[in-house]
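In what follows, a structure is listed as C-alpha cells, so that the remarks can point back to it.
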Amino acid sequence: MGEIFEREEAKVALGFTGERLTSDVRGQVEMEHLHRYFFARAFARGKDVLDIASGEGYGSAYLAKVARSVVGVEINPESVAHASENYSSSSLRFILGDARTIPLLDESVDLVVSFETLEHLYEQEDFLSEVKRVLRPNGVLILSTPDRDIYSPIVAPVNKYHVKELDRNEFTSMIANYFPYTIEYIQRPMLGSAMLLADQSKAAGAPLVFERRGEGHFEANAGLPRPLYRIAYCSNNPIKLPSSSLYIETSLVDLSDHLLREARAELSLVSAKLAGIEKERDEALLLQNTSDKAPDENQRSPANRDILSLTEKINDLTTSNGALTEQRDILEHLCQRLKVELNEAVAKANGFAIEAEAARKDAARHVELSDDLRRELTTRCKQTEMERANLLHTVEILSDAAKNAEIRVNALYGSTTWRLMGPLRRLGRRLPRLTNIPRRILRSFLARAVEPVVPPALQTAGPASLQPIQGKETPQLPPHTIEQSESLAVKRKSDSLRKSLAPAQARWLGVRRRIETPSVSVGVVTYNTPMAEFRRLVSSANVGFAEAGVRSGKVLYIDNGTELIYDDVCDLGVTQLKGIGNVGFGAAHNLLMREAFNDGAAVYIAANPDGFFHPDAISALLQMSSVYGGTALIEASQFPVEHPKIFDEETFDTAWASGACLLITKEIYEVIGGFDPAFFMYCEDVDYSWRAKANDFAIKHCARAKFFHAVTNRKDSMEVRRRFIESGVLLATKWGSVEFETELTKELLLMGVPSWERHPAPVPRSWRGYANFQHSFSFSETRW
Amino acid sequence: MFDFDRGIDVIVRFHDYSKLRELEKAIFSLIAQNYRPLNIHVCLQRFSVEDIVKLKERLAPFFAIENSPHLEVHNFEYEHPLDARSSLVNLGIARARSRFLAFLDYDDILYPEAYDFLINRLISSNVGIAFGGIQLAMIDKYSEFDFVKEKSQPFVGLNLLDFMAENFCPIHSFVVDRTKVIDGLLFFDTNMNRNEDYDFLLRVTAEVVSDFSLVKTFMGEYFLKSDGSNTILTISATSSQSVIEWKRAENFIEARRNITRVSPAVQRSLGISSPVEGLTIRGLLDAKSLLLKPN
C-alpha cells in the first residue's frame, strides 16, 4: 500500500466562477487539478515552494504537507483572505502578489509550481523572468497550460479568462529560453482502464491507447490522443522523471458503473417478467371468452377449473406486477431527481448568463460615461486653446513693449540728461525728499515706454494677471504693496492665470539672461563651525561657481570664534581674513565685504556657515541681479523651510531680505555701506533692507535660488532669545517704533535682562515709512 | 557603497523627466541629511537611454558637494504595469543593501535631521519601524519655482491603532530596520496604484513592533499641488475612473485588514498580555476599546 494522505477541503468553499478552481468543484476539472498538484507534491518534499496564483489555496495546502515551506501568491485579495482562513499551517502562508512581479527575494525557493496561470497573462516572458529570479540555481519549475490547438479549437467557445493561450511549439520554445532542461508531459482527463508494464524498466515505445469513438467504433493510437494540457518540468540541470503518471478516480467511476449495471439488469428482468405476465393474461382472457360461448356442462367443469386456476395465476401475476411497478417507480423517481438536478444546473447557467448580460450593460454605461467625459474635455480644450491664443497675443504685445522700454532705458542711460542728472541723484540719496524729482522723471519716461495694451478678455479676468509693468518695477514700493500682493496670491488660483504669469516671472528672474561672469565673492562668518559643515558650504559654492560659469569666484571667511583652522580648509581655495575677536555677524561681514569689493568683486554673497548652496543657486542669483543692473538686494529662497514672509509671485518684491544668503552688489555697498555694526546678531538684515529701500534699491526674493539653511527642529536657547529681542529693541529704537521697543523691553525685563545703554543712530524721520513693525519679528505679512 | 550595520538606503521613484526640477528638490533635501552612510536609489519608470544620461548629468553637481551621499540610478524597463509606482519601489528594495530602509517621492522633501532622529529612535527603542511627523504644504506650481501658499498639519493620528484605522503616515515619514523585518514583507503590491504605501505599512506594522513617539516632530513636507497632480484623493479627483480606482483601493485595504494577522509581539506592545492567535487588524480595531495600553 502506498502513502495515504488526507483530502484538503475548505470549510466553506469559494464559488466557482470559471476562473479558478475551488475545493467545491467535482468531476473533470477537479481531477485535472488534483492530478497536477499531486504530481508536484512528489517533488516538493523538504523544499521551499512557491505556488504562484494559488487561488483558493487547496493546492498549496497539499504541498505544505510535505514541503519545508510553501508561499501561495495570489492576485485576488478575497482568495488570499479565504485561503489564509481555511488552510492554516506553520509551513504555509498566503500573500497578495502579482505573478509578473513576484513579492519574494532573489533565489529564495527550490520549487515553483504554476498551474493554469500562464494563459491568464499577457506578460508571459516577465513572468518566467520573475520565476527564474526567485528560483535557487538548482531550482525547478513545474508549469502547466492548455494546448491552444486542442483546448480552444476555432469552433469552440473561448475561455474569457485566458488572454494568451499557446500551442505546443510556442510553449516549448518559450520555456527553452529560460531553462536548458525541460521534460513535458501531456494530460487529459478520462474514464477508462489503465494497463501499465509491471516492470517499467522494460518499457519501449509510446503507450498503446484505445478510445471509443461513438457507439460503433474505436480508435487505436500510439500515445495519448488529443491531450488538453501540457505540463513542463523545467530545470537548469539534467532531469530524470517517471515515464507517466495516472490519477485514478475509483470512487465515482466504479460506483456509477456498478449502479448502472445493476439498474440495467433489474430493468431487463422487470421487462421480461412484464412481457410474460401480459402474455399469460392475454391467453387467459382468450380462454375465458371461448368458455363463455360453449356452456357445455362436460366441458364447463374442466373449463371452470382452468378458469379458476388461471384467475389465481392472474392474481399472483398482478401482485408480482405491483411489486415490479413499485421498483419501476423508484427508478423513475431516481430519474426525476436527476432531472431536477439538471434543471437546477440549467437555472444556474441561466443565472450566469443574466449576470454576464448585466456586466455587459454596466460596461456599456461606463463607455457612455467616458464618452461624456471626452466631450467635456474637448470643450474645455477648445476654451483653453482660446485662452492660450489670447495670452500669446498679450505676451507678444508685452514683449514688444518691453523691447521698446529697454531701448528707451538704454537711450536714457546714454543720454546727456542722465549724465547731467548724476550729481542730482547722488544729492538725492543724501537728501531723500529730493529723490522724488528724478524718480518722477524716470517713472513718466518708463510709463511711456512700457505701458501694455491689455486685451478685453484679460481685463475682465481680474486684476491679478496683468498690471502695467512700470508699477512693479518702480523701486519705491512701500511695505503695504507687499500686502496687496498677498491678496493677489490668494486670488491666483486658476491654471490659466498662473500660466499667464510665467513670462513675467521668467523676465524678472532673468531666466534666459547670460551671466556676464562678474567677479563674485561668497563671504562666510564662522563661529565654532564644525569643519564638515564649513567644507560642505565651500564646496557647494565652488560647484555653484562652476555651474554659473563664474571663473573668478572666491570664498572669503572670517572666524569670529577660535575653532576653525585654516590648514584644514585651505585645500578648498578659500581666503581667510584675520579675525579680531567676536565682533558680531554684521561687523564681520563688513570686513569681508570691504575686502571683496576692494579686491574688485562686483557682487558679494553673504552665506551662513550652517548652510550650503543648491548647485544652481549662485547662477540664479546672478541672473536675477543682472535684470536690475545691480540695483536690487536679493535674498535666496531658504530650504527646506522658506521664511514665511510673503513675496510677489510675479515681481518677487519682498518686505526685506534675509542675511542667511544675501546678494549685495557693489552699487548698493557704495551707497549704503555695510551692515550696522550696532546689531551683534539678528535683525541687521532687516535694517539693511529698509535702508536699501530708502535709497531706491529694490528688495527681491529669488525663488529659483535655493540655499539650504538648517533651521528645522532647532533647540531654542535663552541666550538666542535674548539676543533676538535685544536686536529687536535696537531696530525699533533706530526706526522710531516706540510701541515695539516698549513691548520688547518689557519682555527683556521679564527675562531678567537689565536695561542697557543703546545709542543706534536713528534714521531720518522720512524713512520710517519703510519700516513695518506690525507683524512682530516677521516684519511682514506671512503666508502661514 | 554598503554598510549593513549603520547605512540607510533611500528609494526615490521618478516617472517623468519633465518633473526633474521637483526631483532635484527632493535630492537636495537628501544631500542635506545629517545621517551617513546614505545611499540614494533613484528608480526610473521606463526612461530612454538619452534621458538617463541627461538625468545623471543634471544630478552630478549635487554629488560634487563634499560629503554627499552615494547615488544609484535604476531603470524599470518592463512594459507592464503601465503605472509602475509599486514596481519602482520593489526595484529599489531589491537593490538596497543597508540595514535601514526609507522612501521618498520625487515631489516631497525631508528635513536634515529626519534620518538621524528616526534611526536613533529605532535603535533606542529596539523596534522594526519608526515614524515621524510630516507637514502639508499647499503649493502653486510655476515653471521656475513652487510658491508655498500655506502649511498645515492634517496628519492627525498618534499611534499604531490610529494608523491601522486610517493612514496618516506619508511614504517619507518612516524608516524600517531590516534586521527586524523579514524580507518577505518588504514589497509594494504591484496591483495597487493607490494606497500602495499604506498597504505595505499595514503588513509591516502588523508583524513588527513600531514606534510613533516622534509623530509630533516634523521630519519633512508633503507638497499638495494646486494643479491637482498629486495622486491623493482630492476634491478635484472626481472623474468616474478616479473614483472607481479609489474605491477599489479602499476595498483592497479593507481586505488587507481582514486577512492580516497581528503578531503576538505587536499585540503585547499594545498591552495585550495574552496574545490572541489569529487576531487580524480588523479584529484588533473592532476590539480596541478593550485594550489596556495604547502604543
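Report whether or not A:ALA61 is within 14 Å of chain B (Cβ to nearest Cβ), buried (at least 23 other Cβ atoms within 10 Å of the Cβ) and touching a Phe, Trp or Tyr at 6+ places or on another chain (Cβ under 7 Å).
So A:ALA61 does not fit the description; no.
Hey, any hits in the range B:206-219 for a residue that's on the phi > 0 side of the Ramachandran plot, within 13 Å of chain A (Cβ to nearest Cβ) and open to solvent by 20 Å² or more (accessible area, probe 1.4 Å)? No, the range B:206-219 has no match at all.
When we screen A:PHE171, A:PHE179, A:PHE210 for residues that are part of a strand (DSSP E or B) and not charged (D, E, K, R), the only hit is A:PHE210. Here A:VAL711 meets each of (1) on the phi > 0 side of the Ramachandran plot; (2) within 14 Å of chain B (Cβ to nearest Cβ) with one exception, condition (1).
The set of residues in the range A:135-179 being touching a residue at least 24 places away in the same chain (Cβ under 8 Å), surrounded by fewer than 17 Cβ atoms within 10 Å (Cβ to Cβ) and more than 37 Å from the chain's Cα centre (by Cα) consists of A:ARG168 alone.
Looking across the range A:51-70, the residues that are in contact (Cβ under 8 Å) with a residue 60 or more places away in the chain and either more than 17 Å from A:HIS120 (Cβ to Cβ) or in contact with an Asp or Glu (Cβ under 7 Å, 6 or more places away or on another chain) (or both) come down to A:ALA53, A:LYS65.
Identify the single condition in (1) closer than 29 Å to B:SER242 by Cβ; (2) modelled with pLDDT of 90 or more; (3) aromatic (Phe, Trp, Tyr); (4) not in a strand (DSSP E or B) that B:PHE103 does not satisfy, given that it satisfies every other one. Checking B:PHE103 against (1) closer than 29 Å to B:SER242 by Cβ; (2) modelled with pLDDT of 90 or more; (3) aromatic (Phe, Trp, Tyr); (4) not in a strand (DSSP E or B), the one that fails is (4). Scanning the range B:98-134 for residues being in contact with a Leu (Cβ under 7 Å, 6 or more places away or on another chain), open to solvent by 10 Å² or more (accessible area, probe 1.4 Å) and within 13 Å of another protein chain (Cβ to nearest Cβ) gives a total of 1. B:TYR78 meets the conditions (1) out of contact with any Leu (no Cβ under 7 Å at 6 or more places or on another chain); (2) under 22 Å from B:LEU224 (Cα atoms) in every case but one. The failed one is (2). Applying the criterion of being assigned to a loop (DSSP other than H, G, I, E, B) and more than 24 Å from the chain's Cα centre (by Cα) to the residues of the range A:64-99, the residue that is nearest to the other protein chains (Cβ to nearest Cβ) is A:SER88. Those residues that are of a type in the set (Gly, Ala, Ser) and not in a helix (DSSP H, G or I), I need them from the range B:243-270; list them, please. B:SER263, the sole residue that qualifies.
Apart from one condition, A:SER54 fits all of (1) polar (S, T, N, Q); (2) modelled with pLDDT of 90 or more; (3) surrounded by fewer than 16 Cβ atoms within 10 Å (Cβ to Cβ); the exception is (3). Would you mind stating whether A:ASP685 is of a type in the set (Asp, Glu) and either in a strand (DSSP E or B) or in contact with a Pro (Cβ under 6 Å, 6 or more places away or on another chain) (or both)? Judged against the criteria, A:ASP685 is not a match.
Hey, any hits in the range A:684-699 for a residue that's open to solvent by 50 Å² or more (accessible area, probe 1.4 Å), touching a residue at least 40 places away in the same chain (Cβ under 8 Å), closer than 26 Å to B:VAL148 by Cα and touching a Ser or Thr at 6+ places or on another chain (Cβ under 9 Å)? No. Flag not set for A:ALA389, criterion: hydrophobic (A, V, I, L, M, F, W, C) and within 34 Å of the chain's Cα centre (by Cα).
For the range A:594-639, a tally of residues being among the hydroxyl-bearing types (Ser, Thr, Tyr) and surrounded by fewer than 19 Cβ atoms within 10 Å (Cβ to Cβ) returns 2. Only one of the listed residues (A:GLU739, A:GLU719, A:GLU757) is open to solvent by 40 Å² or more (accessible area, probe 1.4 Å), part of a helix (DSSP H, G or I) and at pLDDT below 90. That residue is A:GLU719. The residue pairs whose first member lies in the range B:46-68 and is at the interface with another protein chain (Cβ under 9 Å from one of its Cβ atoms), whose second member is surrounded by fewer than 16 Cβ atoms within 10 Å (Cβ to Cβ), and whose beta carbons are closer than 9 Å, counting only pairs six or more residues apart or on different chains, are B:GLU66/A:ALA532; B:GLU66/A:LEU572; B:ASN67/A:ALA532. Determine, yes or no, whether A:LYS706 is open to solvent by less than 10 Å² (accessible area, probe 1.4 Å), outside any helix (DSSP H, G or I) and not hydrophobic (A, V, I, L, M, F, W, C). So A:LYS706 fails the test.
From the residues in the range A:294-329 that are outside any loop (DSSP other than H, G, I, E, B) and hydrophobic (A, V, I, L, M, F, W, C), which one is modelled with the lowest pLDDT? Reasoning before the result, please.
Just the residues of the range A:294-329 that are outside any loop (DSSP other than H, G, I, E, B), to begin with: A:297-329.
With the extra rule that they be hydrophobic (A, V, I, L, M, F, W, C), the set shrinks to A:303, A:307-308, A:310, A:314, A:317, A:323-324.
Values: A:ALA303: 61, A:ILE307: 72, A:LEU308: 79, A:LEU310: 77, A:ILE314: 76, A:LEU317: 77, A:ALA323: 76, A:LEU324: 76.
Looking at the filtered set, the residue picked out is A:ALA303.
Note on the range A:539-562: residues that are away from chain B (no Cβ under 12 Å) and of a type outside the set (Phe, Trp, Tyr) amount to 13. Contact annotation: residue pairs with Cβ atoms under 9 Å, 6 or more positions apart or on different chains, pairing a residue in the range B:266-287 that is closer than 23 Å to A:ALA81 by Cβ with a partner that is of a type in the set (Asp, Glu), are B:VAL266/B:GLU207; B:GLY278/A:GLU85; B:ARG282/B:GLU254.
Exactly one residue out of A:TYR669, A:TYR682 is closer than 22 Å to A:VAL627 by Cβ and at pLDDT 90 or above: that is A:TYR669.
Quick grid of which residues meet (1) away from every other protein chain (no Cβ under 14 Å); (2) surrounded by 22 or more Cβ atoms within 10 Å (Cβ to Cβ):
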site: B:GLY157; (1), (2): yes, no
site: B:LEU161; (1), (2): yes, no
site: B:CYS169; (1), (2): yes, yes
site: B:THR179; (1), (2): yes, no
site: B:ILE182; (1), (2): no, no
site: B:MET192; (1), (2): no, yes
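For A:PHE115, indicate whether it is closer than 28 Å to A:LEU228 by Cβ and either surrounded by fewer than 20 Cβ atoms within 10 Å (Cβ to Cβ) or within 14 Å of another protein chain (Cβ to nearest Cβ) (or both). So A:PHE115 fails the test. Close contacts from the range A:330-355, counting a first residue that is in a helix (DSSP H, G or I) and a second that is at pLDDT below 70 and open to solvent by 100 Å² or more (accessible area, probe 1.4 Å), with Cβ to Cβ under 6 Å and a gap of 6+ residues or different chains, come to none at all.
Annotation note: Cβ proximity below 8 Å between a residue of the range A:360-388 that is farther than 30 Å from A:SER500 by Cβ and a residue that is open to solvent by less than 80 Å² (accessible area, probe 1.4 Å) and in a helix (DSSP H, G or I) (sequence gap 6+ or interchain) occurs for A:HIS366/B:SER240; A:LEU369/B:SER240; A:SER370/B:SER240.
Name the strands (runs of 3 or more DSSP E) wholly within the range A:516-625 that hold at least 1 residues that are farther than 29 Å from B:ARG58 by Cβ? If you could, list the steps in order and put the result at the bottom.
On the way: elements: A:520-526, A:554-559, A:574-577, A:603-607, A:611-613.
Those strands (runs of 3 or more DSSP E) span A:520-526, A:554-559, A:574-577.
Taking the listed residues A:ILE580, A:ILE565, A:ILE605, the one that is more than 14 Å from chain B (Cβ to nearest Cβ) and within 16 Å of A:LYS706 (Cβ to Cβ) is A:ILE605, with no other qualifying.
The values are calculated or read from the model by the stated rules, or taken from the named source; none is laboratory data. Just so you know, these numbers come straight off a predicted model, no measurement behind them. A quick note on method: Cβ atoms are made from the backbone with ideal geometry, for glycine too, and the neighbour counts reach across all protein chains shown. When the accessible area is computed, the model is the full protein with side chains, heavy atoms only, and any ligands, DNA or RNA have been set aside. Shrake-Rupley method; radii C 1.70, N 1.55, O 1.52, S 1.80 Å.
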